Structure formats: C-alpha cells, structure tokens
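The values are calculated or read from the model by the stated rules, or taken from the named source; none is laboratory data. Everything numeric here is computed off the predicted structure, so don't read it as measured data. In this analysis, Cβ positions are derived from the backbone assuming ideal geometry, glycine residues included, and neighbour counts consider all displayed protein chains. Heavy atoms of the whole protein, side chains included, go into the accessibility calculation; ligands, DNA and RNA do not. Shrake-Rupley method; radii C 1.70, N 1.55, O 1.52, S 1.80 Å.
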Amino acid sequence: MTTPPSLRALFAAAIVFVSTSPSTTASTTTSATVSVVDDSGNTVTLTAPAQRIVSLAPHATELLFAAGAGNQVVGVSEYSDFPAAAKQLPSVGGSGQLDIERIASLKPDLIVAWRSGNNRRQLARLRKLGLTVFESEPRNFEAIADSLERLGALVGRDEGRLHAQQFRQQVQTLEQHYAGRSPVTVFYQIWSAPLMTLNDAHIVSQAIRLCGGVNVFGQLKPLVPTISREAVLTANPDVIIVSDEKGNGLERWRSFKRMQAVASGNLMTIDGGTMNRAGPRVIEATRTLCKQIDDARKRTTKNASEAFKKPNETSK
C-alpha cells in the first residue's frame, strides 16, 4: 500500500516532536532589518524583506501565501497543493528528501523549513551554504496565527497580521458557539492498516476539544499512535471520524452493530488534507468537524433515550 503524503507528514511529525514557545512579536528597525524567533527558538534576521522564498513543507506554503508572500515564493516542496498558484512553482523535492542543489540554484534569501518533517542534516547543509532558515512547527491555533504574523514581518507585508487577527476571531467565535456542549467521545482515524490515530498534542485534538469532543486515545504518548481494533471496541466511542482513504476506512466498523458510533449512525469522514495540515485552512475544517460532532451529539442522545425507553415498552 502506498502511504499518502498526509500520513507521511504525520509520521515525520511523530519522529521529531518538541514543544516550542516562539516569540509572537516581530521587531523591526528603521534600516528595514527584521528579526523574529522561529519555532525552534532561533532568531532569524533579515537585513531587508525577503524577496525570494523557498518553502519546504505544504503547511509552510499555505502560511506564506496567507501572509501575503505568494509572489515572493520561488520554490516549494512536493504536495504543496494549495493555493492553486503553488502547484505551478518549481518543486525542490519531498519534505524528507530535499534537492539541495535545486534549492541553492533558486538563490533564496529565506527558506521556511518544517522543523520535524525535514531532514535535519539537509537543513544543516542549507545553513552551511549561508542560507537563512526559518523553522516552522505550529502545534495549535495560536501558533498558526503567530506564524502568520512572523512570516508577514519577514516579507514586510501586513497581510500576515490581518489574517492572524481574522484567524483568532474565527477560533474565538467557534469556541463561544460550542462552549458548554455535552462531551462526545471521538475516535479520529488517520489510517486503517495499520490502524492509526492522533494524541492530544496534535492540533486535530485541539479542534476536537473546541467542538466539545474528547479524543479517546488522546492520552497515549506517541503523537501518531498505532492501536488495535480491540482498543477501539473497548473505548466504544460515540463517533468515529476517518480522514484516510477517502472514507474507505469506515467500512471495517459497520459490522460492529453494538458499538455506540455504529448504533447511533455516527460514522463520518473529513478531508485530512485540510484538517491534519497546520495551516490557515484548519479553521475551515474545524468548523466542519464541529458540525459533525454536534450532529453526532444529537444522534447519540436520541439513541440513548430510545434505548432507555425500550424495556418499559416491552413490559407493557
């Protein structure tokens, strides 16, 4: 079976996951020098706004375009498929295996790398060539907004700050709308063979919590845990959401009629390319996720109510 890019991205993130607390403030001087702190805690300084940028991950490509730097991006990694303009740019290889010579030939004044997804030795080679590298690793909603601001500062454009404000407002609106909803237990499946999910450190779990959901495997230590079918049956989640194989992963659960998610009709799919990628569009996917979980909440409550009534009806 061929592993899709979205899953390879999650594998990479699981291998090298380190929590960081980047500075959210970009400092500038009258000489146009700008400095920001990246997601590895490194200070990245440019003497002028970046004009030639290479992105080494799909999420970084989306962040750059949203920050107003689309016209400055001259190269992208494989699977940088959004926005459409990104697909027309030269490819510099996969996130885990970059084409160093191609990158150098593009003469970038800024490289936006993926902290846990790019090869560390290759990033070191890029730095030895004298290239400036900003390491990106947003792990929650605020980190996405913060990334937009910092990347906007590095390219000298205000769109990053404006989009960050909009993003934060959208998050706040969803939080307020779904606050206080009764909890719904969720199994979020990203792959079926082997069976895989995400823990609470992943941004998807933050989205689930925002919607009033509880990730049944959130406490497992690996960022991308491999689990058994029996573990899912024991957890007996209220809803199963699949982001792999265009929803084909749901079929394995339909035969378990007594499972809460199946009995309540709460087997759902979501676009993993949007939901699992730490870019600005994750808020759109979260809006969809919240509606799915809310619909599941209603069906679960109704199913439980009907199950409670049946003994009395039988005794009549």
Scanning the stretch 235-248 residue by residue, those in contact (Cβ under 8 Å) with a residue 40 or more places away in the chain, open to solvent by less than 40 Å² (accessible area, probe 1.4 Å) and under 20 Å from the mean Cα position of the chain (by Cα) turn out to be Ile240, Ile241, Val242, Ser243, Asp244
Q) Does Lys257 satisfy the criteria of being out of contact with any helix residue (DSSP H, G or I) (no Cβ under 9 Å at 6 or more places or on another chain), assigned to a loop (DSSP other than H, G, I, E, B) and open to solvent by 20 Å² or more (accessible area, probe 1.4 Å)? A) no
Worksheet item: open to solvent by 40 Å² or more (accessible area, probe 1.4 Å) and free of Cβ contacts under 8 Å to residues at least 24 places away in the same chain - does that describe any residue in the stretch 266-288?
Response: yes
Exception for Ser305 within (1) at pLDDT 95 or above; (2) part of a helix (DSSP H, G or I); (3) surrounded by fewer than 16 Cβ atoms within 10 Å (Cβ to Cβ) falls at (1)
Thr2 passes all but one of the listed conditions (1) open to solvent by 50 Å² or more (accessible area, probe 1.4 Å); (2) modelled with pLDDT of 95 or more; the exception is number (2)
Are any of the residues in the stretch 218-234 under 30 Å from Ser80 (Cα atoms), open to solvent by less than 50 Å² (accessible area, probe 1.4 Å) and among the charged types (D, E, K, R)?
no
When the stretch 170-188 is checked residue by residue, the ones that are outside any helix (DSSP H, G or I) and either open to solvent by less than 20 Å² (accessible area, probe 1.4 Å) or among the basic types (Lys, Arg) (or both) are Arg181, Val184, Val186, Phe187, Tyr188
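Can you work out which of the residues in the stretch 189-217 that are part of a loop (DSSP other than H, G, I, E, B) and of a type in the set (Gly, Ala, Ser) is surrounded by the most Cβ atoms within 10 Å (Cβ to Cβ)?
Ala201
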